[in-house]
Amino acid sequence: MKTKGYVKRFLSAFLVMPLLIPGSALGSEQTSNAEPIEFRNASVHDPSIIKDPKTGTYYVFGSHIDGAKSTDLVNWDKFTNGYTTPNNKIYGDLSANLAESFEWAGENDADSKGGYAVWAPDIFWNKHYVNEDGTKGAYMIYYSVSSTYIRSAIGIAVSKNIEGPFKYIDTIMYSGFTDKEAYDRNSEVNKHWENTNIEDLVEDGSIDGVNPNWFTESGEYNNKLYTNAIDANILQSENNKLYMTYGSWSGGTFILELDKKTGLPKYPGKDGKTKDGRMVDRYFGTKIASGYGRSAEGTYGVYDKQTDYYYLYITYGGLASDGGYQMRQFRSKNPAGPYVDAKGNPAVFPESFDIGVGNFPGNDDHKDIGNKMMGNFLFKRDLGEPGTGNGIGYLSPGHNSYLIDQELGKEFIVTHARFPEQGEMHEVRVHQTFKNKDEWPVPTPYRYAGETIKKVSEADVIGDYKYINHGKEITGELTESTWITFNKDHTISGAITGTWELYGNYRAKVTIDNEGTYDGVFIRQYDSVSQSWVMTFSAMSDEGIVVWGSHVEASSDQELVKAVKQELSTSLPSTVISSFTLPKVAARGAEIIWESSSPEIISTEGVVTRPGFGSEDAVVDLTATIKMGDAIETFTISVTVIAKAEGSLSAFYDFNDGLKDRSGNKGEAAVTGDRLNNTGGQITFAEGRVGQAAKFNGSSGLRLAEGLITGDTYTVSLWVKPDQITEFTTAFFGAETPNNWISIVPKTSWGNTMVWSHNGDTWYDAVTDKTIPAGEWTHLAFTVNERNAVLYINGEAKYTGGGFPHVFTSLDAVFGLGVNYWDTPFKGLMDEVRVYDGVALPAEEVQSLYENPNE
């Protein structure tokens, strides 16, 4: 799931939005001109997939009690309601049902103060489970609760209905305990081991006393050797035994056998070692992967009858969009290991990695261990190519599950992914996999759209490809596609050189000079950018490196320059207030040369100098000459540059007359659903700080007028009275794009009120030293004067800093109260919302807004 306190940028979400896929996606003939249809996406973090044996419906269950279902692995629908309680879809009365687990972690405690932290469940159908009424068979959820990066627990809940509600059974694994009385910050939980289930297990003889190695010399939890108890996964062996793998960062991943009738662990009872020297702990079980504080979490094991291997998936890196989250792969002939990668590296990290107690984010000395299934990538779309946007790619795909669908005869890797230039928004992605000659499953380049592998010909394979090599690095850098060509003579040219071979109807052998040979398959898949079916290849080397290719149809030079001209004519802005990009290169290296009628206003580099205060707006003609070979096209566009204006109050929402802007400058605010771009919510009104306040129900928000802020100097002032404080929930949100935004956040995962900003690849944290309380009115104000930012709480400056990013560079930025594109919506009251554009209020005026809210 994550290591709290180290990887901080976790934005939970559930988002459903349309995408276009072909009408033939579910079985008809795949063609390059297939008609697109709407595709429904779902945001479920850490998705655990199950195919319901009763109905054949696919379900994914994830962190923060999110879930979705599908009949085709293509269109997903939400069926959960997050942390809503009572009447939680999965757990009913959440606090009461999971009370025993919450005594240790995860509810209104430490870094879950004011809310909940229920993470990364795994679900499976256990036909052997004996219910209270004596019947057999139940859906079992193994969930995690957590309050710090090591104080966590794993519990079990069961139901006869896959959509719940699930009834609590037991809490079976604890971590982060100490050998003395101890408390975390903002916590009343005594971490002594006697407050876990260990004392009962010792008393009933299940384990042989307390292991002194669980603790450091000072009595703290020894997370160098022992793990963080989250991310459970249930593995069924070839002889129908049940096992649970679990663990995150810290001391690594462990496995325990489970009793099939109860689902409870069979604790080893005594310490020992496996034949290959791995730890067996009386309580935690057998170590099967990672350790020594390196990034590794979200294990998922699956037995494959076809190969007689147990495959183990695990995720390295940090889960945020810049964290380099990535899926790794190992296998073994036994459920308890030893697991190795394609090169023979053991999954358990060597003792040479021991650098002390703790977690070590940023340390990548384990990068060469594990087959890297997928990392950051972008099949880049260049200017003039079919489609729109920058292409198809993922950031931080990870915490996957895996499905072998016997009925379809297909296998799938199921993960969440973030996306280039879309901030922390994440969605579920399903990729079909195929085994290479060495029986390693390899993911295909594009998400599943119903494709079935078929015989291909060499004529299908020959041509130009966009090429991705996933490598072995643990990095937040984005790997962009390069161009290669599979030539008729079976050579490869372009960004790499080598040879290619088609064998066995659809099998691929790609040999790259100075690298080695990759084995996999050719398969036609759907490219949602060009909205066509294209030939692809996916292959893995004996080093555990995966390469992908996506075929691109050729076009003439003249066709290309016309396409570039058409796209430029529709994509360049007609009105600007800040600098913008004038591209110089298009697809296949086509050259673009710019001329400006007023280079002092808009340069040929796109640098904008606005006319001064009191001046008229300026109109500039930009002329582009596009060249490719002997083909040439030109066109001219007129761009208006808005003159600078005096700063003023942009909007004032006091909610005394509904959702109107009292200043008269803007229109009414609009009610949204649980995301800024959703509909269907409800906002009511209640007694406010002054007069009437807007009441937010935790599943709705307000979208304010566009363009409230149009520069790098502004002020936001508002009163909030939250009913609950949940991680990363926004009070005020403003975005130029989903990748460029600011958010006033009452609480982060480490428990502080802050303003958080993301601008392209840059994060900015304006963090205070306190968390605003629930159930009380608090005044928040945030001022930016060019690059200097101040965050005030109740009139007092709690953060002052420079270098704040310039986010608002157009006239159509969007703004919201209580919702953004990702996180749990605000629940509570808001009042007296003021936005000033071009004005950074001085401290005395902010103090006056706090002391005299009705003026």
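Considering each residue of segment 226-247 in turn, at least one proves to be touching a residue at least 24 places away in the same chain (Cβ under 8 Å), aliphatic (A, V, I, L, M) and under 19 Å from G358 (Cβ atoms). Note on segment 342-400: residues that are modelled with pLDDT of 95 or more, of a type in the set (A, V, I, L, M) and closer than 30 Å to T581 by Cβ total 4.
Among the residues of segment 497-551, which ones are part of a loop (DSSP other than H, G, I, E, B) and in contact with a Phe, Trp or Tyr (Cβ under 6 Å, 6 or more places away or on another chain)?
Taking segment 497-551 first, the residues part of a loop (DSSP other than H, G, I, E, B) are 497, 504-506, 513-515, 528-531, 542-544.
Y506, the sole residue that qualifies.
Residue count for segment 783-829, restricted to those that are in a strand (DSSP E or B), in contact with a Leu (Cβ under 8 Å, 6 or more places away or on another chain), in contact (Cβ under 8 Å) with a residue 60 or more places away in the chain and surrounded by fewer than 24 Cβ atoms within 10 Å (Cβ to Cβ): 1. With respect to the conditions (1) without any contact (Cβ under 8 Å) to a residue 40 or more places away in the chain; (2) part of a strand (DSSP E or B); (3) farther than 26 Å from L319 by Cα, T433 falls short on a single one, namely (3).
Of the conditions (1) under 39 Å from the mean Cα position of the chain (by Cα); (2) under 18 Å from Y714 (Cα atoms), A643 satisfies every one except a single condition; which number is it? Of (1) under 39 Å from the mean Cα position of the chain (by Cα); (2) under 18 Å from Y714 (Cα atoms), only one is false for A643: (1). Restricting attention to segment 671-708, the residues that are surrounded by 23 or more Cβ atoms within 10 Å (Cβ to Cβ), of a type in the set (A, V, I, L, M, F, W, C) and in a loop (DSSP other than H, G, I, E, B) add up to 2.
Mind listing just one residue for me: the one in segment 437-483 that is among the hydroxyl-bearing types (S, T, Y) and in a loop (DSSP other than H, G, I, E, B) and, of those, farthest from K367 (Cα to Cα)? Explain how you work it out, then say what you get.
Going through segment 437-483, the residues among the hydroxyl-bearing types (S, T, Y) turn out to be 444, 446, 448, 452, 457, 465, 467, 475, 479, 481-482.
Subset that is in a loop (DSSP other than H, G, I, E, B): 444, 446, 448, 452, 457, 475, 481.
Values: T444: 22, Y446: 24, Y448: 28, T452: 33, S457: 37, T475: 10, S481: 21 Å.
Here the residue is S457.
Against the conditions (1) among the β-branched types (V, I, T); (2) under 18 Å from Y836 (Cβ atoms); (3) assigned to a loop (DSSP other than H, G, I, E, B), T729 satisfies every one except (2). Checked against (1) in contact (Cβ under 8 Å) with a residue 40 or more places away in the chain; (2) among the acidic types (D, E); (3) under 17 Å from N820 (Cβ atoms), D723 meets all criteria but (3). With a requirement of 2 or more residues that are aromatic (F, W, Y) and over 23 Å from the mean Cα position of the chain (by Cα), the strands (runs of 3 or more DSSP E) lying completely within segment 309-391 that satisfy it span 309-316. One residue stands out among those in segment 618-635 that are hydroxyl-bearing (S, T, Y) and within 13 Å of V564 (Cα to Cα): the one that is surrounded by the fewest Cβ atoms within 10 Å (Cβ to Cβ), which is T634.
I'd like the full set of residues that are assigned to a strand (DSSP E or B) and buried (at least 24 other Cβ atoms within 10 Å of the Cβ), limited to segment 287-308. Result: K287, I288, A289, S290, E297, G298, T299, Y300, G301. Apart from one condition, D368 fits all of (1) closer than 23 Å to N75 by Cα; (2) in the same structural domain as M327 (by TED's automatic domain parsing); the exception is (1).
Restricting attention to segment 646-665 and to residues that are under 37 Å from the mean Cα position of the chain (by Cα) and part of a strand (DSSP E or B), the residue that is surrounded by the fewest Cβ atoms within 10 Å (Cβ to Cβ) turns out to be L649. Could you list all residues from segment 445-463 that are in contact with a Ser or Thr (Cβ under 6 Å, 6 or more places away or on another chain) and surrounded by fewer than 18 Cβ atoms within 10 Å (Cβ to Cβ)? None - no residue of segment 445-463 is in contact with a Ser or Thr (Cβ under 6 Å, 6 or more places away or on another chain) and surrounded by fewer than 18 Cβ atoms within 10 Å (Cβ to Cβ), so the list stays empty.
The values are calculated or read from the model by the stated rules, or taken from the named source; none is laboratory data. Keep in mind it's a predicted model, so treat the numbers as computed, not measured. Because the Cβ atoms are built from the backbone with ideal geometry, glycine has one as well, and the counts that use them run over all protein chains shown.
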